[in-house]
Amino acid sequence: MIQKHKLTPRFISLEGSEGAGKTTALKVIREILDGWNIEYICTREPGGEPTSEKIRDILLFSEKLHAKTELLLMFASRNEHLENVIKPALNAGKWVISDRFVDASYAYQGGGRELGFDRIKWLDEFIVSDTQTDFTVLLDIDPAIGLERIKVRGQSDRIEQENMEFFYRIAKAYKRKAQLDSHKYAIIDAAQTIEKVKSDIIQSFEDFKEQLM
Ligand code: T5A
């Protein structure tokens, strides 16, 4: 039987605005970690466990929500996710890959909803505390291109129906957050071909691996 590597478990998140290509990126990340022979789980936010998935439904499919309600529900969902999935996995020695995590709150609620970074930071310290990510892949894309990509799906959720200014504020906030935490961010140009995006992600993980060894 092949032994899995015993590196310190790492917490990795994947971020980007709508239609940036997170699904494809996640597949690449799985292939990389399989190649490294690492034990990991893949999860997502909002969601990732039963109660958080119920909150996700409220968040994405309620007709209307006040911005502060949206923010608090994101963190309520996150707390269940952290306590029931993320922390147990890390404690069991597994790596965690999350399709979105707290930086999405900085970008969407802090930037998009204009609630500001300070409020998010307070909740981040209260809820996430020291279970911060070790590495974040940000798929950077002009929101107009991302939204065009997901148009073919037909039905859009409550957040996807927002106006373009909202999505440009999100893109700006993601970049600002990445600058604040530049040591753990890989910013990938997600407007490139799928093949180029893949090779950039692989390279970013090679660079990250060097930091771990
Ligand atoms: N949210 C979340 C908050 O507001 N605050 C928070 O704190 C959190 C955690 C979650 C929503 O909640 C918000 C953000 C979101 O609005 P979600 O399930 O994460 O929703 O949904 P999205 O992020 O919107 O996921 P999407 O599925 O829309 O985007 P993806 O996953 O980035 O898109 P993907 O991979 O399906 O790709 C879209 C299309 O583009 C193509 C793909 O084939 C696909 O058809 N594509 C490319 N085409 C050309 N070139 C490339 N390089 C391509 N890459 C992919």
The number of residues in region 89-104 that are among the polar types (S, T, N, Q) and either within 13 Å of the ligand (Cβ to nearest atom) or at pLDDT below 95 (or both) is 1
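Inside region 1-96, counting only helices (runs of 4 or more DSSP H) that do not spill past its ends, which hold 3 or more residues that are within 27 Å of PHE126 (Cβ to Cβ) and in contact with a helix residue (DSSP H, G or I) (Cβ under 7 Å, 6 or more places away or on another chain)? Full working, then the answer.
Working: elements: 22-35, 50-61, 67-81, 87-91.
Hits in region 1-96: 50-61, 67-81.
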Residue list for region 164-190, restricted to those being closer than 17 Å to ALA20 by Cβ, among the charged types (D, E, K, R) and free of Cβ contacts under 8 Å to residues at least 40 places away in the same chain:
LYS175
Which ones in region 192-213 are without any contact (Cβ under 8 Å) to a residue 24 or more places away in the chain and among the aliphatic types (A, V, I, L, M)?
MET213
Residue under evaluation ASP118, criteria (1) closer than 29 Å to ILE32 by Cβ; (2) without any contact (Cβ under 8 Å) to a residue 24 or more places away in the chain; (3) in a helix (DSSP H, G or I), criterion not met
(1)
Need pairs with beta-carbon distance below 8 Å; first residue hydroxyl-bearing (Ser, Thr, Tyr) and within region 51-70, second part of a loop (DSSP other than H, G, I, E, B) and crowded, with 16+ Cβ neighbours inside 10 Å; sequence gap 6+ or separate chains.
SER52/GLU45; SER52/PRO46
Looking at region 18-36, can you tell me whether even one residue there is more than 9 Å from the ligand (Cβ to nearest atom) and of a type in the set (Ser, Thr, Tyr)?
no
So, of the residues in region 143-168 that are within 12 Å of the ligand (Cβ to nearest atom) and among the charged types (D, E, K, R), which turns out to be farthest from GLU114 (Cα to Cα)?
ARG153
Residues in region 105-115: is at least one near the ligand (Cβ under 9 Å from one of its atoms), of a type in the set (Ser, Thr, Tyr) and within 30 Å of LEU212 (Cα to Cα)?
yes
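The values are calculated or read from the model by the stated rules, or taken from the named source; none is laboratory data. Being a predicted model, the structure only gives us computed values, none of them experimental. Ideal geometry is used to build each Cβ from the backbone, glycine not excepted, and the neighbour counts take in all protein chains shown.
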